[in-house]
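Colleague: Quick one: the structure is below, and I'll ask about it shortly.
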Amino acid sequence: MATDRVVVSKDDDFRVSLLLTGCPQRLLQVTTGNISNNDLLRLVSDHLDAIEEAFNEASHIVLTPDRLIAHAES
């Protein structure tokens with residue numbers, strides 16, 4: 001089902017779209033700057049359980065190199 005999907009992006013356009021239109025319904029925004037693919041995969045893997053849990057409470061999650069930020073539903 002489409003509502004079970006999460007858009008994962010480093011592009012800020014998806015955040016703007018979420019704020020203005022509510023689409024995508026769930027967004028994981030990665031704000032790491034330039035890092036290797038291996039480092040990115042490791043970062044997501046290390047935080048995967050917390051990311052899944054955060055989506056129970058929020059539709060917009062930001063993953064930085066050192067923390068996870070869940071933006072509460074409005």
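Colleague: Would you pick out the residues in the range 1-23 that are more than 11 Å from the chain's Cα centre (by Cα) and surrounded by 15 or more Cβ atoms within 10 Å (Cβ to Cβ)?
Modeller: If the condition is that a residue be more than 11 Å from the chain's Cα centre (by Cα) and surrounded by 15 or more Cβ atoms within 10 Å (Cβ to Cβ), then 17, 18 are the ones that fit.
Colleague: Within the range 11-37, which residues are free of Cβ contacts under 8 Å to residues at least 12 places away in the same chain and of a type in the set (S, T, N, Q)?
Modeller: Just the residues of the range 11-37 that are free of Cβ contacts under 8 Å to residues at least 12 places away in the same chain, to begin with: 11, 13, 16-17, 19-23, 34, 36-37.
Within the range 11-37, 17, 21, 34, 36, 37 qualify.
Colleague: In the range 36-58, is there at least one residue being at pLDDT 95 or above, of a type in the set (A, V, I, L, M) and in contact with a Pro (Cβ under 9 Å, 6 or more places away or on another chain)?
Modeller: Looking through the range 36-58, at least one residue is at pLDDT 95 or above, of a type in the set (A, V, I, L, M) and in contact with a Pro (Cβ under 9 Å, 6 or more places away or on another chain).
Colleague: Filtering the range 30-45 down to residues that are within 19 Å of residue 15 (Cβ to Cβ) and in a helix (DSSP H, G or I), which residue is least open to solvent (accessible area, probe 1.4 Å)?
Modeller: Here the answer is 43.
The values are calculated or read from the model by the stated rules, or taken from the named source; none is laboratory data. Keep in mind that this is a model prediction, so the values were computed, not measured. With ideal geometry, Cβ positions are generated from the backbone for all residues, glycine too; neighbour counts draw on all protein chains shown. Areas reflect the complete protein model, heavy atoms only, side chains present, ligands, DNA and RNA absent. Shrake-Rupley method; radii C 1.70, N 1.55, O 1.52, S 1.80 Å.
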